[in-house]
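Worksheet: one structure, shown below.
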Amino acid sequence: MGWFTKKQAPAASVEQPKQDIWTQCPACKAHVSKEEWDKTFKVCPRCNFHERITARERVDLLIDPKTFTELYPKIKPSDPLGFVDGKGRYADKIEEARQKTGMNESVLTGYGRMNRIKVALAVMDFRFLGGSLAGSTGEKILLTSTYALKHRLPYIIVSASGGARMHEGIISLMQMAKTCAGIARLQEANIPFISILTDPTTGGVSASFAMVGDIHIAEPGALIGFAGRRVIEETIKQKLPDDFQKAEYLLDHGFIDLIVRRDQMKNTIASLLKYYRR
Amino acid sequence: MNLEFEKAITELDEKIAALPTQDRTPAQAADFEKLQKARETGLKELYSTLTPWQTVQVARHPERPLIQDFIAGLFSEFIELHGDRLFGDDHAIVGGFATLDAWRVMVIGHQKGRGIDDNLKFNFGMARPEGYRKAMRLMHMAEKFRVPVVCFIDTPGAYPGADAEERGQAEAIARNLMEMSALKTPIIVVVTGEGGSGGALGIGVGDVLLMLSNAVYSVISPEGCASILWRDGTKAPEAATALKITAQALLKLKVVDEIIAEPVGGAHRDPQTAIATLRKSLIRNLDRLTHTSTGKLLNRRFEKYARIGSY
Ligand SMILES: [Zn+2]
């Protein structure tokens, strides 16, 4: 592609707009108009590939227009260990992620309405350091579950995370327990918790709140699992099948209730919530 | 067996071994005294300034006391209970009723082995979902029988195998975290060796977290962290320092509540003393926690975790 762009550069003013209206599906390589790609919330109309979307896009997808109120937007990472690795300071990585995403942490939290049903919501954003679970991520997820408890709202968490954020060491590990303690309180108060697992939901996030929902809904093809594929292959000295740790594999093995296409997600959740009598 | 960083001690050991064991001349006897003393101070100095990476070596020492040793040394009775009632019996986690002085408890812990056969049997202390589910079954039983739970942590991590994934490793650990956070009986957790990530935490949520002074507890192994963040597995010593995984560091971060001081040179050099120190702490904590109302206990447990990572 490099040579093509270069060659075209001088005449760009004419050619550029035409190029811009097309995008290519990363999975099946089909050319899809950008308009259609956006209309389907980044799902390929040809092969059903679900591209990762941002937390804001997810809120637009799930929550009725103009009903979303963000909670705890100012909570941000604190670098509890003063962590520095071979490539630099964690503090700098945080800053970079904030610039890139316009978010203060890897999760966006708040409340709003889904087909008019009021819900509390936490949505992870994979762009922010791989959606990793850090102290302040856990803090926002717990505070939102406490909000759900106080107002007796169903709690929806959309996961998209590679797992614990190792730059925060033990603090990040403990967020697994902390977030689950919040879910336990909802459980005790009979408040529904629906976990939406999107690509990817792995490591410490899969082994905490994402897997203790009353209902687990995954997007098609989402990678969901505890240990990484490479680690497993090294351990068992075998190649794993392609569908291993995919949403469909988890459905087969009994760990997912439903696999739902992105465009059906909001209606499906709202339909399920109708069965909840406060 | 001495570790690599204990070279000076190994040299002294060799000199001591070269002396005759009996009928020593007065000069040899004096040498013996001097060498013994040098060894003692050497060990003391070495162990008071262990680097985090050296501490990892001690925590993984092949002669370090295992749960089998703690059970034998602490409890006058132990009745092992098997199986998760769903799939099988995971030998990487052991559990059952046990008696500690006047206390009846449910003890649960990771089980490593000594030697290759033993370790294969116990899968090097790396549990599968059925291990975590057995642990949870026993904890619910403890709740019903109204006995406290004591958990011993010593694992490199949860088993990263295809079968473990297939049977829901993530779900098994997640469920334990949620249910332990609300279990209506006291839970004391002791990190005795390696606290390996989610595999450790899966039986590690409780009211009080004790840690032996040379144990380590980490979100990822130093080797794993080095290969990801440094892109170089040999940088494990640097990663061990950066991750803050020692008992002292974790006490400062307010994750660990109490450090169980090991004898000079590590628990493997004198397991009986280490076990005796742990016994005292267990009894003190059992006494305190069983005199706390369940409501208060659960609120404090919730707050303990809510505080971590709240600034
Ligand atoms: Zn496609």
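Which ones in the stretch B:291-311 are without any contact (Cβ under 8 Å) to a residue 24 or more places away in the chain, within 12 Å of another protein chain (Cβ to nearest Cβ) and among the hydroxyl-bearing types (Ser, Thr, Tyr)? Of everything in the stretch B:291-311, those that are without any contact (Cβ under 8 Å) to a residue 24 or more places away in the chain, within 12 Å of another protein chain (Cβ to nearest Cβ) and among the hydroxyl-bearing types (Ser, Thr, Tyr) turn out to be B:310, B:311.
Take residue B:70 and tell me if it is modelled with pLDDT of 95 or more, assigned by TED's automatic domain parsing to the domain that holds residue B:191, part of a helix (DSSP H, G or I) and within 30 Å of residue B:224 (Cβ to Cβ). In short, yes. Listed by first and then second residue, the pairs with beta-carbon distance under 6 Å, at least 6 apart or on different chains, first residue in the stretch A:136-152 and away from chain B (no Cβ under 11 Å), second aromatic (Phe, Trp, Tyr) and crowded, with 24+ Cβ neighbours inside 10 Å, are A:148/A:155.
The residue that is most open to solvent (accessible area, probe 1.4 Å), among those in the stretch B:1-36 that are within 26 Å of residue B:62 (Cα to Cα) and charged (D, E, K, R), is B:4. Name the residue that is farthest from the other protein chains (Cβ to nearest Cβ), counting only residues in the stretch B:232-249 that are closer than 14 Å to residue B:197 by Cα and either surrounded by fewer than 16 Cβ atoms within 10 Å (Cβ to Cβ) or aliphatic (A, V, I, L, M) (or both). The extreme case among them is B:240.
For the stretch B:38-80, the candidate set comprises residues that are farther than 20 Å from residue B:267 by Cα and of a type outside the set (Gly, Ala, Ser); within that set, the residue that is surrounded by the most Cβ atoms within 10 Å (Cβ to Cβ) is B:78.
For residue A:38, the stated conditions hold: it is surrounded by fewer than 15 Cβ atoms within 10 Å (Cβ to Cβ), modelled with pLDDT under 95 and in a helix (DSSP H, G or I). Within the stretch A:153-174, restricting attention to residues that are at the interface with chain B (Cβ under 7 Å from one of its Cβ atoms) and in contact with a Gly (Cβ under 6 Å, 6 or more places away or on another chain), the residue that is nearest to residue B:197 (Cα to Cα) is A:164. Out of the stretch A:249-278, which residues are open to solvent by less than 70 Å² (accessible area, probe 1.4 Å), assigned to a loop (DSSP other than H, G, I, E, B) and closer than 21 Å to residue A:187 by Cβ? Listed by number, the residues that qualify are A:254, A:255, A:256, A:276.
In this structure, is residue A:177 modelled with pLDDT of 95 or more and facing another protein chain (nearest Cβ under 7 Å)? Yes; evaluated as a whole, the condition is true for this residue. For residue B:155, state whether it is more than 11 Å from every other protein chain (Cβ to nearest Cβ), within 20 Å of residue A:207 (Cβ to Cβ) and of a type in the set (Ser, Thr, Tyr). Yes. Quick one: residue A:53 ticks every box in (1) out of contact with any Gly (no Cβ under 8 Å at 6 or more places or on another chain); (2) away from the ligand (no atom under 16 Å from the Cβ); (3) under 27 Å from residue A:164 (Cβ atoms) bar one, so which box is it? That leaves (2) as the condition not met.
The values are calculated or read from the model by the stated rules, or taken from the named source; none is laboratory data. If you're wondering where the values come from, they're calculated on a predicted model, not measured in any experiment. Quick reminder, even Gly has a Cβ in these numbers, built from the backbone with ideal geometry, and neighbours come from all protein chains shown. Protein only, heavy atoms only, side chains kept; ligands, DNA and RNA dropped before computing areas. Shrake-Rupley method; radii C 1.70, N 1.55, O 1.52, S 1.80 Å.
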